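Comments concern the structure below.
The values are calculated or read from the model by the stated rules, or taken from the named source; none is laboratory data. These figures come from a predicted structure and were not determined experimentally. A quick note on method: Cβ atoms are made from the backbone with ideal geometry, for glycine too, and the neighbour counts reach across all protein chains shown.
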Amino acid sequence: MRYAAALLAVLSSLNAFAERPFSVADALAVKNVSEPRVSPDGAFVAYVVSELDLDEDSRYSNIYMVPMDGGDPVALTTSTKSNNRPRFSADGRYLAFLSNRGDKAKTQIWLLDLRGGEPRKLSSMKGGVSDFAWSPDSLAVTLVSRDPKPETDDDESETKTIPPLVITRLQFKRDGRGYLDDRRAHLYVIDVATGESRQITDGPYDDASPAWSPDGREIAFVSNRTDEPDGNSNSDIFLVPAGGGEPRQLTTNPGADRSPAWSPDGQWIAHVSTLKPELIWYATDHLAVIPADGGEARVLSSGLDRSVRSPSFAPDGNAILFLLEDSGNQHLASIPVSGGAVTRVVAGDRDVRSHHAAPSGETALLVSHPQRPPEVFTADLRQLSRANDVLLSEVTLGEVENIHFKSKDGTEVEGFVTKPPDFVAGRRYPTILWIHGGPVSQYSTRFNTQWHVFAGAGYVVVSANPRGSSGYGEAFSHAIWADWGNKDYEDVMAAVDHVVELGYADPERLGVGGWSYGGILTNYVITKTGRFKAATSGASETNYLSAYGTDHYQLQWELELGLPWENAELYNKISPITHVANIVTPTLVLCGEVDWNVPLNQSEQLYQSLRRRGVDTQLIIYPGQSHGIRVPSYQKDRYERYLAWFDRLLRGTEETPKPTPQP
């Protein structure tokens, strides 16, 4: 806890001279730090910094490197394109990374010789590169590349009429990718010296997550090689010779096995394992190990009842490090390879987003806090990157308070309240209930720009982790199975009641909103109560019968609700549109034009129903956007529309508030 106190002291000193509340402009100026990777000798950490360029209406990312013992970071790339996934070669000579630099270029692997010089392109895959890993001798790289479209070989293809799409797959669409054909992602090995590549996996399967064995003879990867991969959520870990050959299946669990990590001696592979695939996303993800030469997997976290991710072996091979999601936080945890008690290595009121250790043991963490966006820290929580220090020194952030309260049936629920920077005890504020997506996700102690934008505009923001959320055990998550908008509705309403009881919230000036499942639960809220004076429903679903086959969740719909023609009554029962006649709350409806996760037609049906009934509403469509709104000007527009909608209906303000001028 002394580290948390020190961090808060630093943040307080930064805010001491701040003169303005956090605004939309500040939210867009936050730099996103990610992917820390420690050099093999433990002396440096490379990491990625992503930024928005509003003038060009684009985003870009570059790679920086900072000494592990502290100092000024050095920019290793300065491109206005995407540069990410930094990976040191085992001999420390090269830093490889992915980049789409070049005019309409596919993402490829680039190499930077750390002795000096400019990056050079290593790969030239027609299908681009989505992932890669160094060989232990630093002479080769394995990569993942999707089969290219046939027309990419034809320079004049863009001027020709696109032929009809012939769809045969059961899973035939995916948000961000469009309609799915028979092109698949396979593994290749590329020689660093010559740039020559060879394909080492094939077939009608997608292969991912390559990891070299310590002796360089085999490559572990993840694939679903069942007879009908689109009809289940299974994936297994396979081993393929580095020179190519028939893959050897290692795991046999019917659920998803993924994220393979080799032990230093090459005897074990740690991985994440879903043991109850029939529970789809409500199932707990466990940590397991399996002998690399074959045998039964041992589940190490079966008694934990919390989901894990990102396993890696400690340098001595005796323990496995992993991220543990628990009660509004993500911790760095450890467990002996032989099994035993879980130790929280880095816990408390910080949120550990990722981790990486050098063979010598030096570890870099990506850590966030309610008052600080993610930055790179050492294992003893010395801060190494300071991408957002200048911004934080110029703004005043509201306090984020952790709350616990009882729901209607006595279930304890956790949440967070973000207060305006000038919060005065005893004064009641207009309050926004902001709901997370998922539903299997959780709000945590990481920095949340949406909370601070609303709080900076003078709102109290309450966000809960209702049933359905992760971080509280499988039963808590599974509690909303085939019963959306019931217990989770009671939980978020209990959060509002709690903040009213605390004296923070004005019960006559309540707003509600969210994106994805946050929008879906918003729809339930406004069909069940008229307490809210304003709502924003982003990328939501409203009519589940018509969602089946138009979104990309056909398998999940079938497992949770059954086939729609066999169980139409249940589909209709829990669809918000069935109860749309109850809605009186003015509702702003938003969605991306090509969102195939939660398709636009769902938002259109909600808007049309509200408009037809005379409820105050608008439909905002972001052209060319999928489920995540990526274009910076659209992100700015969304923030400003939220504020304008809530200001008009909760405060009586007619116009969008103008951003505070920047100094």
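Can you tell me which residue within the stretch 409-421, out of those that are assigned to a loop (DSSP other than H, G, I, E, B) and in contact (Cβ under 8 Å) with a residue 12 or more places away in the chain, is farthest from Pro21 (Cα to Cα)? Spell out how you get there, then give the answer.
Step one: filter the stretch 409-421 for residues assigned to a loop (DSSP other than H, G, I, E, B), giving 409-411, 419-421.
Within this subset, residues satisfying the condition of being in contact (Cβ under 8 Å) with a residue 12 or more places away in the chain are 409, 411, 419-421.
Working: Asp409: 38, Thr411: 36, Lys419: 11, Pro420: 8, Pro421: 7 Å.
So the residue we want is Asp409.
If we keep just the residues of the stretch 579-613 that are farther than 22 Å from Gly438 by Cα and polar (S, T, N, Q), which is surrounded by the most Cβ atoms within 10 Å (Cβ to Cβ)?
Once the filter is applied, the top-ranked residue is Thr585.
Out of the residues in the stretch 384-408 that are in a strand (DSSP E or B), in contact (Cβ under 8 Å) with a residue 24 or more places away in the chain and of a type outside the set (Val, Ile, Thr), which is farthest from Val74 (Cα to Cα)?
To start, the set of residues in the stretch 384-408 that are in a strand (DSSP E or B) comprises 395-396, 400-406.
Next, from what is left, pick out any that are in contact (Cβ under 8 Å) with a residue 24 or more places away in the chain: 395-396, 400, 402-403, 405-406.
Still in the running and of a type outside the set (Val, Ile, Thr): 402, 405-406.
Details: Asn402: 37, Phe405: 46, Lys406: 49 Å.
Per the stated criteria, the residue is Lys406.
Picking from Ala535, Ala482, Ala464, Ala475, which residue would you name as being farther than 21 Å from Glu401 by Cα and part of a strand (DSSP E or B)?
Numbers: Ala482 fails: part of a strand (DSSP E or B); Ala464 fails: farther than 21 Å from Glu401 by Cα; Ala475 fails: part of a strand (DSSP E or B).
Result of the check over Ala535, Ala482, Ala464, Ala475: Ala535.
Name every residue in the stretch 279-291 that is assigned to a strand (DSSP E or B) and either at positive phi or not acidic (Asp, Glu) (or both), in order of residue number. Break it down into steps so the answer makes sense when it comes.
Applying the first criterion (assigned to a strand (DSSP E or B)) to the stretch 279-291 yields 285-291.
Once the filter is applied, which keeps residues that are assigned to a strand (DSSP E or B) and either at positive phi or not acidic (Asp, Glu) (or both), the stretch 279-291 yields His286, Leu287, Ala288, Val289, Ile290, Pro291.
Quick check on the stretch 442-456. Is at least one of its residues surrounded by fewer than 19 Cβ atoms within 10 Å (Cβ to Cβ), assigned by TED's automatic domain parsing to the domain that holds Ile526 and assigned to a loop (DSSP other than H, G, I, E, B)?
no
Which of the residues belonging to the stretch 84-120 are more than 23 Å from Ile219 (Cα to Cα), outside any loop (DSSP other than H, G, I, E, B) and either in contact with a Gly (Cβ under 9 Å, 6 or more places away or on another chain) or free of Cβ contacts under 8 Å to residues at least 12 places away in the same chain (or both)? Outline the logic, then answer.
First pass over the stretch 84-120, keeping only residues more than 23 Å from Ile219 (Cα to Cα): 99-106, 112-120.
Keeping just the survivors that are outside any loop (DSSP other than H, G, I, E, B) gives 99, 112-113, 120.
Hit for the stretch 84-120 is Arg120, nothing else.
Only one of (1) surrounded by fewer than 21 Cβ atoms within 10 Å (Cβ to Cβ); (2) over 22 Å from Ser444 (Cα atoms) is not met by Thr363, so which one is it?
Only one criterion in (1) surrounded by fewer than 21 Cβ atoms within 10 Å (Cβ to Cβ); (2) over 22 Å from Ser444 (Cα atoms) is unmet by Thr363, namely (1).
How many residues are within 23 Å of Asp206 (Cα to Cα), outside any loop (DSSP other than H, G, I, E, B) and not basic (Lys, Arg) when one looks only at the stretch 255-278? I'd like the intermediate steps shown before the answer.
Here is the first cut: in the stretch 255-278, the ones within 23 Å of Asp206 (Cα to Cα) are 255-262, 269-278.
With the extra rule that they be outside any loop (DSSP other than H, G, I, E, B), the set shrinks to 256-262, 269-274, 277-278.
Narrowing further to those that are not basic (Lys, Arg): 256-257, 259-262, 269-274, 277-278.
Of the residues in the stretch 255-278, 14 are within 23 Å of Asp206 (Cα to Cα), outside any loop (DSSP other than H, G, I, E, B) and not basic (Lys, Arg).
Can you name the residue in the stretch 151-166 that is surrounded by 11 or more Cβ atoms within 10 Å (Cβ to Cβ) and not charged (D, E, K, R) and, of all such residues, is modelled with the lowest pLDDT? If you could, list the steps in order and put the result at the bottom.
Taking the stretch 151-166 first, the residues surrounded by 11 or more Cβ atoms within 10 Å (Cβ to Cβ) are 151-152, 154, 157.
Within this subset, residues satisfying the condition of being not charged (D, E, K, R) are 152, 157.
Details: Thr152: 48, Ser157: 52.
Step by step, filter the stretch 151-166, then rank; the result is Thr152.
Taking the stretch 302-318 as the region of interest, how many residues are free of Cβ contacts under 8 Å to residues at least 40 places away in the same chain and surrounded by fewer than 20 Cβ atoms within 10 Å (Cβ to Cβ)?
Of the stretch 302-318, the ones free of Cβ contacts under 8 Å to residues at least 40 places away in the same chain are 302-304, 308, 318.
Remaining after also requiring surrounded by fewer than 20 Cβ atoms within 10 Å (Cβ to Cβ): 302-304, 318.
Matching residues across the stretch 302-318 total 4.
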